[in-house]
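The values are calculated or read from the model by the stated rules, or taken from the named source; none is laboratory data. These numbers were taken from a predicted model, which means no experiment stands behind them. Don't worry about glycine lacking a Cβ; one is built from the backbone with ideal geometry, like all the others, and counts go over all protein chains shown.
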Amino acid sequence: MTTLPTTIRRRFDHKANKQALKEKYQAKMIFAHKGGMFTAGPALITLLSNLDIDNPIIVDLYDTPISVNRLELKEQVISLWQEQLNAWQVELAELSAQR
């Protein structure tokens, strides 16, 4: 029989581990492209999908305007985003199974 403090500690550890896992994968979504640093995510995917220009100038993480190839960057962002989300989901499932 588990005691209340054990249950609380287990839930707290799970929440802290889940947050650490989130931070780990968010850091892995930062990448370089054409001299700029970008974060793969829904916002960048949406921006690149809605632009009609093939070589737009967009602002990177350090507020530097960078000329990019829209289709090339979009492909790279989607690939990295999906790869990291898949790995994140697998680790989260393992973490939840330990609980």
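Is it fair to say THR39 is modelled with pLDDT of 80 or more and among the hydroxyl-bearing types (Ser, Thr, Tyr)?
Yes: the conditions hold for THR39.
Out of the residues in region 1-36 that are among the basic types (Lys, Arg) and farther than 12 Å from GLN84 by Cβ, state the one that is modelled with the highest pLDDT.
LYS34
Provide a single number: the residues in region 26-44 that are in contact with a helix residue (DSSP H, G or I) (Cβ under 9 Å, 6 or more places away or on another chain) and closer than 17 Å to LYS74 by Cβ.
Count: 10.
Criterion first (without any contact (Cβ under 8 Å) to a residue 12 or more places away in the chain and farther than 15 Å from ALA32 by Cβ) does ALA43 satisfy it?
yes
Go through region 7-99 and tell me which strands (runs of 3 or more DSSP E), entirely inside it, have 3 or more residues that are surrounded by 15 or more Cβ atoms within 10 Å (Cβ to Cβ).
Output list reads 36-39.
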